[in-house]
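Below you'll find the structure, written out as structure tokens, and then a few comments.
The values are calculated or read from the model by the stated rules, or taken from the named source; none is laboratory data. No experiment lies behind these values; they were computed from the predicted model shown. Here the Cβ positions follow ideal geometry from the backbone for every residue, glycine too, while neighbour counts run over all protein chains shown. Note: areas computed on protein heavy atoms with side chains; ligands, DNA, RNA excluded. Shrake-Rupley method; radii C 1.70, N 1.55, O 1.52, S 1.80 Å.
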Amino acid sequence: MSVAGGEGRRDALLIATDTYDDTSLRSLRSPSQDCTALAAVLADPRIGGFRTEQLKDARAHQAMRAVEQFFRDRSRDDLLLLHISCHGIKDDDGSLYFAALDTDRDLPASTAIPAAFLRDRMNGCRARTIVVLLDCCYSGAFVPGAKGDDQVHVRDELGGHGRVVLTATSRTEYAWEGERLRTRVPQPSLFTGALIRGLATGAADLNGDGRITVTELYDFVYESLYRSGVRQRPRMWADVEYQVTIARVATSRPPFTGDTTESGPAGDSAAGSQDGGQPQPAPTVPARRGEDVVLTLQLDLAETVRGAQKDVDVDTATVCPTCAGVGTAGGPTAQRCQECGGRGESWVRLRGFVRPRTGVRPCPRCDGLGTVPPQPCSECAGEGRVPARRALTVEVPAGSTDGTRLTFAGQGEAGAGGGPSGDLYIEIKERPDPRFVRDGDDLRACLDITRAEAALGGAFPLDTPLDGRSTVLISPGVRDGHTLRLRNRGMPRAQGDGRGDLLVRVGIREEDAR
């Protein structure tokens with residue numbers, strides 16, 4: 001599995017950060033699972049053949065030390081793969097950093113991993129081919145007010161000869177389970193999950209030659225996320241003059257044959273039939289997992305504050321009611337060939353001899369297999385699933401934020417050929433509110449009073465989205481623009497640990513402005 005030219009080592013370093021000391025960087029549920037699952041696929045000698053190293057929830061200096069060691073003392077023919085799953089942040093000058101356990105969002109230069117440091121280590125490395133996979137949230141997963149935007153110039157930060165960079169934005173996702181909101185059982189993010197699925201199943205081998213190049217892997221991930229309806233779009237930058245082979249298709253057959261079927265030779269099936277064994281399974285389409293479905297649910301601020309119950313319609317594929325997902329008519333297994341009695345052979349009269357003779361030839365009906373596949377289901381044409389619209393009731397937890405995803409495992413598209421169903425993601429989109437502005441878990445509002453009221457002070461009413469009418473106490477002589485903080489009057493925190501604050505800015509108007 002050389003890249004181009006000589007045989008070198010195949011090494012992978014995977015860095016994942018789930019939790020952060022800085023409370024403004026919210027915990028992520030997927031990086032550790034991303035790291036473990038992807039490392040297993042890359043290390044599989046039938047697939048990636050990489051020597052893998054994992055680093056989870058490390059401090060910035062520990063991660064930087066691991067990166068420097070990873071790129072040191074390399075051969076020109078080595079293939080190096082670096083996967084980073086964490087928060088991505090930018091400073092005021094627009095420079096990119098990767099957040100670590102001890103990162104202070106306001107001091108990224110000294111507490112985070114600079115992309116410039118990574119670029120320098122890559123430029124000083126002798127390895128001709130380096131692949132970087134970034135599953136970092138830029139703006140999408142940040143709480144309101146966090147530094148970061150969609151204009152992260154990864155190509156400028158990490159470009160160079162012999163470099164391939166794949167990026168994706170990821171979001172903090174939560175699932176509604178039972179009576180409360182809780183972090184879902186960890187699973188790979190959509191981006192890394194598609195990477196793992198494409199490598200592990202061989203589905204990313206788009207041209208069927210038994211090899212998965214980095215270009216094929218990118219195309220597979222992009223199409224997977226596009227079909228799922230997710231808004232994020234992976235990006236790829238490449239500065240290489242040759243194809244980079246990331247993995248090969250893991251099958252029981254010799255590698256790189258382009259044949260990805262898992263059934264045995266034809267003679268094996270025929271022999272089984274001759275011995276009177278059980279009929280061999282023969283679904284009309286291979287079993288595969290259904291696609292994930294992502295829907296956007298728009299809510300007012302009051303609904304995200306208090307929580308809401310919403311009915312949604314999901315247009316997707318469900319299990320075929322006629323064949324129960326098998327995809328075949330008359331049972332899911334192959335049938336014994338009636339013409340040859342399951343022997344796979346038929347007697348024919350041979351011509352061209354002085355005296356007629358008989359001989360054995362493969363059965364023309366079953367082509368020597370001894371069995372014939374069942375008829376495809378007429379309703380689903382063998383897919384095992386049919387288009388349908390389902391009505392679901394979604395419980396939106398109090399304190400949801402814009403971009404929060406509610407996850408319903410197994411409620412996505414039904415799998416083809418009886419495969420498992422995908423997941424359903426409901427993404428919350430919060431409409432702007434004319435009176436309140438969210439600032440993380442805090443709410444900001446304005447209270448206009450007259451100059452006379454400002455001079456005297458007093459108690460003033462303010463309608464809030466959660467507590468209804470509240471009273472704001474203003475001291476005499478308050479200045480225009482002064483901000484009051486009402487403790488525990490803001491947004492409920494999604495993890496159930498209290499509420500944010502209500503910040504009220506006092507505005508002083510002229511007497512006749514009523």
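Hey, could you check region 256-265 for residues that are hydroxyl-bearing (Ser, Thr, Tyr) and more than 26 Å from the chain's Cα centre (by Cα) and say which is modelled with the lowest pLDDT? Steps first, answer last, please.
At the first step, the residues of region 256-265 found to be hydroxyl-bearing (Ser, Thr, Tyr) are 257, 260-261, 263.
Imposing the further condition that a residue be more than 26 Å from the chain's Cα centre (by Cα) reduces the set to 257, 261, 263.
Details: Thr257: 33, Thr261: 29, Ser263: 32.
Result: Thr261.
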Q. Just one of Leu447, Leu456, Leu424 is closer than 21 Å to Asp292 by Cβ and not aromatic (Phe, Trp, Tyr); which is it?
A. Leu424
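Taking the options Glu430, Glu395, Glu383, name whichever one is within 17 Å of Thr318 (Cβ to Cβ) and of a type in the set (Asp, Glu).
Working: Glu430 fails: within 17 Å of Thr318 (Cβ to Cβ); Glu395 fails: within 17 Å of Thr318 (Cβ to Cβ).
Residue meeting the stated conditions: Glu383.
Step by step: first the residues of region 335-379, then only those that are among the charged types (D, E, K, R), under 27 Å from Ala416 (Cα atoms) and outside any strand (DSSP E or B), then the one that is modelled with the highest pLDDT. Which residue is that?
Selected residue: Glu379.
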Q. Limited to region 298-312, what total is found for residues that are surrounded by 18 or more Cβ atoms within 10 Å (Cβ to Cβ) and modelled with pLDDT of 85 or more?
A. 3
Q. Is it the case that Arg479 is out of contact with any strand residue (DSSP E or B) (no Cβ under 6 Å at 6 or more places or on another chain) and under 30 Å from Leu28 (Cα atoms)?
A. no
**Q.** Subset of region 62-95 (residues that are of a type in the set (Val, Ile, Thr) and out of contact with any Lys or Arg (no Cβ under 7 Å at 6 or more places or on another chain))
**A.** Ile84
Q) Tally time: how many residues in region 413-445 are under 30 Å from Arg390 (Cα atoms), part of a strand (DSSP E or B) and open to solvent by 40 Å² or more (accessible area, probe 1.4 Å)? A) 1
Q) Which of the residues belonging to region 486-514 are among the charged types (D, E, K, R) and at pLDDT 90 or above? A) Arg505
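When you look at Arg119, is it open to solvent by 60 Å² or more (accessible area, probe 1.4 Å) and touching a helix residue (DSSP H, G or I) at 6+ places or on another chain (Cβ under 8 Å), yes or no? Steps first, please.
On the way: open to solvent by 60 Å² or more (accessible area, probe 1.4 Å): yes; touching a helix residue (DSSP H, G or I) at 6+ places or on another chain (Cβ under 8 Å): yes.
When the stated conditions are applied, Arg119 passes them.
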**Q.** Cβ-Cβ under 7 Å pairs, at least 6 apart or on other chains, region 430-441 side in contact (Cβ under 8 Å) with a residue 40 or more places away in the chain and on the phi > 0 side of the Ramachandran plot, far side surrounded by 13 or more Cβ atoms within 10 Å (Cβ to Cβ) and not aromatic (Phe, Trp, Tyr)
**A.** Gly440/Val143; Gly440/Pro144; Gly440/Gly500
